[in-house]
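What follows is one structure encoded as structure tokens, with my remarks underneath.
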Amino acid sequence: NAKLLFIYIPENKRYKNMSESYTLQSEFNRKKIIDFVSLENIEFVDIYEKFSKFNDPLKYYPFRIKTHFTEEGYELVSNFIMEKL
């Protein structure tokens, strides 16, 4: 009776000034993933959507460039996941 929860965590590059083609490709990939997860009736947490609401989401990445989160970033992600549970 396990329950699967999919967590979508985007690259930190999504929050940088990237080329339009990169942004379009990233959004296309994100949409494909979310559509698949939804079709399979798998609950998910979209971290990109949550972090996009912040004025400066890059502040949750070390030196604004690393691929992992800062301590504060991980705390936010875990809180978003706990809201879903």
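For the residues K13, K66, K3, the requirement of being open to solvent by 40 Å² or more (accessible area, probe 1.4 Å) and in a helix (DSSP H, G or I) singles out K13.
Select from the range 45-63 the residues that are assigned to a helix (DSSP H, G or I) and open to solvent by 100 Å² or more (accessible area, probe 1.4 Å) and write down the one among them that is farthest from R14 (Cα to Cα). Once the filter is applied, the top-ranked residue is F63. Taken over the range 16-44, the criterion of being touching a Leu at 6+ places or on another chain (Cβ under 6 Å) and either assigned to a helix (DSSP H, G or I) or acidic (D, E) (or both) is satisfied by E43 alone.
Within the span defined as the range 63-79, one or more residues are at positive phi and either at pLDDT below 90 or among the hydrophobic types (A, V, I, L, M, F, W, C) (or both). The listed residues are V45, V37, and the only one of them that is closer than 21 Å to L85 by Cβ, touching a residue at least 24 places away in the same chain (Cβ under 8 Å), touching a Lys or Arg at 6+ places or on another chain (Cβ under 6 Å) and not hydroxyl-bearing (S, T, Y) turns out to be V45.
Taken over the range 69-85, the criterion of being surrounded by 12 or more Cβ atoms within 10 Å (Cβ to Cβ), free of Cβ contacts under 8 Å to residues at least 12 places away in the same chain and either hydrophobic (A, V, I, L, M, F, W, C) or part of a loop (DSSP other than H, G, I, E, B) (or both) is satisfied by F69, T70.
Among the residues of the range 26-44, those that are hydrophobic (A, V, I, L, M, F, W, C), within 13 Å of P10 (Cα to Cα) and surrounded by 13 or more Cβ atoms within 10 Å (Cβ to Cβ) comprise I33, I34.
The values are calculated or read from the model by the stated rules, or taken from the named source; none is laboratory data. Worth saying up front: this structure is predicted, and the values here are computed from it rather than measured. Ideal geometry is used to build each Cβ from the backbone, glycine not excepted, and the neighbour counts take in all protein chains shown. Ligands, DNA and RNA are stripped out before the accessible areas are found, and what is left, the full protein with its side chains, is counted by its heavy atoms. Shrake-Rupley method; radii C 1.70, N 1.55, O 1.52, S 1.80 Å.
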